[in-house]
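The values are calculated or read from the model by the stated rules, or taken from the named source; none is laboratory data. Quantities reported herein were computed from a predicted structural model and do not represent experimental measurements. Note: ideal-geometry Cβ built from the backbone for every residue, glycine included; neighbour counts use all protein chains shown.
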Amino acid sequence: MPPSWLPPRSGSASGGSGGAGGPGDAGRTGGAAGFGSVRRLGLFVLVGGASAAVDFGVFLVLVHLGLVEWVATALSFLTAFVVNYRGNRDLVFRAGSVPGALRRYVLLVAFNWVASTGLVALAVWLGLPGWAAKLISLVLVAALNFVVLRAWVFRPPAPSAAG
């Protein structure tokens, strides 16, 4: 039995599978309306922060051990990728083993890289300082991620229509 502070697994009996089954249904925890979604958003921010801390910490350790920065960045990114994927899959969206989720997650990460690079370039071109452009892109991409992870990456397969 999962801890009471975690949202229920998608499609579980406690997850409200008798409802519409859409993205809004997965956030119900039986408490006040919308509280499950607030809890899920909080966990999403917590997982993102943990992932960023792992990325930065591994980067610093690897550079201290003598790796060049670009190699340390590549390795720390991969470490953070695992933390972020598993944290979102297991804690935030309680998705368990959803077929195709890892493939969709990799596609989302690739899209995020292109989107955040493009957003920063556009914002700098429009006259914003680089740090502000990066901050704006982080917030926009994170908000998009929350929606896409919930609605596409970790969405359980639709039940088959058995006749």
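Here are the numbers for the structure shown:
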item	result
Any hit, segment 104-111, residues being at pLDDT 95 or above, over 23 Å from PRO156 (Cβ atoms) and part of a helix (DSSP H, G or I)	no
Filter result for ARG86 (surrounded by 14 or more Cβ atoms within 10 Å (Cβ to Cβ), at pLDDT 95 or above and in a helix (DSSP H, G or I))	no
Residue check for LEU75: modelled with pLDDT of 50 or more, over 19 Å from ALA142 (Cβ atoms) and surrounded by fewer than 20 Cβ atoms within 10 Å (Cβ to Cβ)	yes
Among the candidates SER137, SER76, SER97, SER116, residue that is closer than 22 Å to LEU46 by Cα, free of Cβ contacts under 8 Å to residues at least 40 places away in the same chain and assigned to a loop (DSSP other than H, G, I, E, B)	SER97
Residue in segment 140-151 that is exposed (fewer than 11 other Cβ atoms within 10 Å of the Cβ) and not aliphatic (A, V, I, L, M) present	no
Set ARG86, ARG150, ARG103: member being among the charged types (D, E, K, R) and in contact (Cβ under 8 Å) with a residue 40 or more places away in the chain	ARG150
